[in-house]
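K.L.:
For reference, the structure I am asking about is given below.
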């Protein structure tokens, strides 16, 4: 990997950026690489730049760092661009959510059936989707041969959008598939002996293959449900892989949902706080409740405060905070290593459904599937056994429709599409309610460009 340039857009997320820098430091063959850290928040940017340089020095890594608030400068000469930027931060998401709640949409209009994750906004997130394309189009001009590693949400919509409207090489990244390990650990299985495969869309993946020592492991899950499931309690709002919601989805669909797929179930799990607590556990009711999200916001603040402290207090031993022998398990740097150095690896990535990889899904839709990566490129695995018909028809099909609706509204700038989407929402009691909430969101100060874009088309 000697001599590559890596650009990290939205690098002010210090802990995430430091994970990537740490992985690069620990990867053989990375000597001589350069990392461009880009963020518009200079305080955060300065903090992560100090941390990255100190950590690399502590590990004895030969890496060069630069910092900039200019995205075009950051990607100049880049071989890989990681986009993790959230335009407007969580402040804009919270403002859009509050506007929705004023008009009767609990958790905001973006909390749609099969898309309940609280920062996975697709309807009100014009600024985010626009920035996705801005990064891609700038890459076409400045570093056309570079890879775009799309990490900022919404990954499903974002990867699909970029692959349709840009010639840049784009891959979507997430880590929800690690839920397979939670399932194995809960059942007392050695993950090294588990032959597994997941497939679906980002935040919508299912455990299609589940073998233990070459035998079907689903009967072991059935035994756990019968004997142990009632003892389950969440350790935090995001601990839902073995929750009643996950088990209920498994019983209905015939395969275990993995990762954030569990948060993206039907309205049944999300009608109100008591329903959330029933399905996702006490006391929070999962990550996508007012209680769960408050916990997450406190966690983010604590992480930010910690990153500032680490940057300013040179007496803190970074090698104790981030052990040198441990990789972060984010897929980005191993993916780059596999492509550049040929250190073959297995990954779960979001890529266009060319082939198709999953039958009956259009080839221009991004699917999340296992792949093998080496110097020859990306090689999707055959999905075997295939996804059950019920998952395809009743879970993935409506989720894909919502993705297509959101992208059509964004691309064509037609406010009527947003209104029509909300008309189909069970929280909508009148068309006037749908009109009013869209107008409320468009009137937010940071949505001036969005308001201009979403004019009624004749």
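The values are calculated or read from the model by the stated rules, or taken from the named source; none is laboratory data. Keep in mind that what you see is a predicted model, and the values were worked out from it rather than measured. Backbone-built Cβ (ideal geometry, glycine too); neighbour counts: all protein chains shown.
K.L.:
Can you tell which of 333, 383 is surrounded by 19 or more Cβ atoms within 10 Å (Cβ to Cβ), under 24 Å from residue 179 (Cα atoms), touching a strand residue (DSSP E or B) at 6+ places or on another chain (Cβ under 9 Å) and not assigned by TED's automatic domain parsing to the domain that holds residue 201? Steps first, answer last, please.
P.N.:
Values: 383 fails: not assigned by TED's automatic domain parsing to the domain that holds residue 201.
The unique qualifying residue is 333.
K.L.:
Residue 311 - would you say it is at pLDDT 90 or above and assigned to a helix (DSSP H, G or I)?
P.N.:
no
K.L.:
Same structure again: When you go through (1) at positive phi; (2) over 17 Å from the mean Cα position of the chain (by Cα) one by one for residue 235, which number turns out not to apply?
P.N.:
(1)
K.L.:
A further question on this structure: When region 436-458 is examined, which residues are found to be in a helix (DSSP H, G or I) and farther than 22 Å from residue 128 by Cα? Steps first, please.
P.N.:
Going residue by residue through region 436-458, those that are in a helix (DSSP H, G or I) are 436-442, 445-453.
Once the filter is applied, which keeps residues that are in a helix (DSSP H, G or I) and farther than 22 Å from residue 128 by Cα, region 436-458 yields only 436.
K.L.:
Something else: Given the condition closer than 22 Å to residue 156 by Cα, over 19 Å from the mean Cα position of the chain (by Cα) and assigned to a loop (DSSP other than H, G, I, E, B), answer yes or no: does some residue in region 266-283 qualify?
P.N.:
yes
K.L.:
Something else about it: I'm trying to understand the selection: among the residues of region 23-50, which are under 23 Å from residue 313 (Cβ atoms), touching a helix residue (DSSP H, G or I) at 6+ places or on another chain (Cβ under 6 Å) and assigned to a strand (DSSP E or B)? Before the answer, list the steps.
P.N.:
The first filter runs over region 23-50 and keeps only residues under 23 Å from residue 313 (Cβ atoms), leaving 25, 35, 37, 39, 41-50.
If we keep only those that are touching a helix residue (DSSP H, G or I) at 6+ places or on another chain (Cβ under 6 Å) too, we end up with 25, 37, 39, 47-48, 50.
Within region 23-50, just 37 meets the criteria.
K.L.:
May I pose another question? Please specify each residue of region 34-77 satisfying the condition of being under 19 Å from residue 339 (Cβ atoms), free of Cβ contacts under 8 Å to residues at least 40 places away in the same chain and surrounded by fewer than 23 Cβ atoms within 10 Å (Cβ to Cβ).
P.N.:
34 - this is the single residue of region 34-77 that is under 19 Å from residue 339 (Cβ atoms), free of Cβ contacts under 8 Å to residues at least 40 places away in the same chain and surrounded by fewer than 23 Cβ atoms within 10 Å (Cβ to Cβ).
K.L.:
Just checking, which of 303, 307 is under 26 Å from residue 81 (Cα atoms), buried (at least 21 other Cβ atoms within 10 Å of the Cβ), in contact with a helix residue (DSSP H, G or I) (Cβ under 6 Å, 6 or more places away or on another chain) and not assigned by TED's automatic domain parsing to the domain that holds residue 51?
P.N.:
Details: 303 fails: buried (at least 21 other Cβ atoms within 10 Å of the Cβ).
307 is the lone residue from the list that is under 26 Å from residue 81 (Cα atoms), buried (at least 21 other Cβ atoms within 10 Å of the Cβ), in contact with a helix residue (DSSP H, G or I) (Cβ under 6 Å, 6 or more places away or on another chain) and not assigned by TED's automatic domain parsing to the domain that holds residue 51.
K.L.:
Still on this structure: Tell me the residue from 172, 158, 176 that is surrounded by 18 or more Cβ atoms within 10 Å (Cβ to Cβ), under 21 Å from residue 20 (Cβ atoms), without any contact (Cβ under 8 Å) to a residue 40 or more places away in the chain and touching a helix residue (DSSP H, G or I) at 6+ places or on another chain (Cβ under 7 Å), please.
P.N.:
On the way: 172 fails: without any contact (Cβ under 8 Å) to a residue 40 or more places away in the chain; 176 fails: without any contact (Cβ under 8 Å) to a residue 40 or more places away in the chain.
Step by step, each of 172, 158, 176 is checked, and only 158 is surrounded by 18 or more Cβ atoms within 10 Å (Cβ to Cβ), under 21 Å from residue 20 (Cβ atoms), without any contact (Cβ under 8 Å) to a residue 40 or more places away in the chain and touching a helix residue (DSSP H, G or I) at 6+ places or on another chain (Cβ under 7 Å).
Yes/no matrix, rows are residues, columns are (1) under 23 Å from residue 296 (Cβ atoms); (2) surrounded by 15 or more Cβ atoms within 10 Å (Cβ to Cβ); (3) modelled with pLDDT of 95 or more:
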site	(1), (2), (3)
202	yes, yes, yes
208	no, yes, yes
215	no, no, yes
223	no, no, yes
230	no, no, yes
254	no, no, yes
259	yes, yes, yes
275	yes, yes, yes
282	yes, no, yes
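K.L.:
Just need a number here: residues in region 155-174 that are within 17 Å of residue 261 (Cβ to Cβ), in a loop (DSSP other than H, G, I, E, B) and either at pLDDT below 95 or in contact with a strand residue (DSSP E or B) (Cβ under 6 Å, 6 or more places away or on another chain) (or both).
P.N.:
Going through region 155-174 one residue at a time, the tally reaches 1.
K.L.:
Look at residue 409 and say whether it is within 23 Å of the chain's Cα centre (by Cα), farther than 28 Å from residue 347 by Cβ and part of a helix (DSSP H, G or I).
P.N.:
yes
K.L.:
Hey, another quick one. Please go through region 78-115 and pick out each residue that is part of a loop (DSSP other than H, G, I, E, B), crowded, with 23+ Cβ neighbours inside 10 Å and within 13 Å of the chain's Cα centre (by Cα).
P.N.:
Hit for region 78-115 is 85, nothing else.
K.L.:
Which residue out of 18, 24 is modelled with pLDDT of 90 or more, closer than 27 Å to residue 138 by Cβ and crowded, with 18+ Cβ neighbours inside 10 Å? If you could, list the steps in order and put the result at the bottom.
P.N.:
On the way: 18 fails: modelled with pLDDT of 90 or more.
Only one candidate passes the filter, namely 24.
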